[in-house]
Amino acid sequence: MFECLVLGDSIAVGTKMFRPDCVSYAKTGINSRDWNRQYGNQDLDAKTTIISLGSNDFKNINSESELRAIRAATKSNRVYWIVPAIKPDIQRIIKLIAADWGDQILHIPEISKDNVHPTMSGYRQLAKAAQ
């Protein structure tokens, strides 16, 4: 069992910078379907897991199915979902999954000029909130 896992996309990569204690299965630009294909066979057993996925999902991806598969494979005492700053449909899906499992939702506290990623301070705040 890992102490901490960070799973996901570029937002997960940035969050990991402020959580050096965590093992990371994250890649910039990855969507939830490709994450399952690339990392779905990894050990996802940790005390704490931080998930940031969905920002790169598009219409040809069944985001709910892919994200539910990731959550079902995750065996953690605490799971935190970082909700994408945009994409209301993905926000809704993540909130439903989190509610089903009793997980915590984290909203990006400070958005950078691209309106997607946190600022450095925002990454620091996310990492701190998921401890």
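Taking amide hydrogens as placed 1.01 Å from N in the peptide plane, the amide H of residue 2 sits under 5 Å from those of 45, 46, 47, each at least 5 positions away in sequence or on another chain. Amide H contacts of residue 24 (H built 1.01 Å from N, in plane; Pro and chain starts excluded): 6 sit under 5 Å, all sequence-distant by 5 or more or on other chains.
No solvent, one uniform scatterer per C-alpha: report log10 I(q)/I(0) for segment 86-131 via the Debye equation at q = 0.19, 0.26, 0.33 1/Å, two decimals. Log10 I(q)/I(0), no solvent term: -0.68, -0.98, -1.06. Heavy-atom accessible surface of residue 22, to the nearest 10 Å², is about 10 Å², with a 1.4 Å probe and all protein chains retained. When each full DSSP H helix of the chain is screened for a Cα extent of at least 18 Å along its own axis and an average Kyte-Doolittle hydropathy of at least -1.0, the helices passing are 88-101.
Working from Cα pairs under 8 Å separated by at least six residues, relative contact order for segment 1-127 is 24 percent. Solvent exposure of the chain amounts to 49 Å² per residue of accessible area, where only protein heavy atoms count and the probe is 1.4 Å.
Please compute one quarter of the surface area of the Cα convex hull for the chain and express it in square nanometres. Walk me through the numbers on the way to the answer.
On the way: hull surface 27.2 nm².
Hull-based average projected area comes out at 6.8 nm².
Ignoring ligands, DNA and RNA, how do 3, 66 rank by accessible area with a 1.4 Å probe, largest first?
Details: 3 105, 66 40 Å².
The ranking, largest first, comes out as 3, 66.
In the chain, what percent of the accessible surface is made up of carbon and sulfur (1.4 Å probe, ligands and nucleic acids excluded)? Within the chain, the accessible surface is 51 percent carbon and sulfur. Pairs of Lys residues in the chain that lie 8 or more places apart, or on two chains, and have C-alpha atoms under 15 angstrom apart add up to 5.
The values are calculated or read from the model by the stated rules, or taken from the named source; none is laboratory data. Given the structure is predicted, the values throughout are model-derived calculations rather than measurements. Surface accessibility is based on the protein's heavy atoms, side chains included, excluding ligands, DNA and RNA. Shrake-Rupley method; radii C 1.70, N 1.55, O 1.52, S 1.80 Å.
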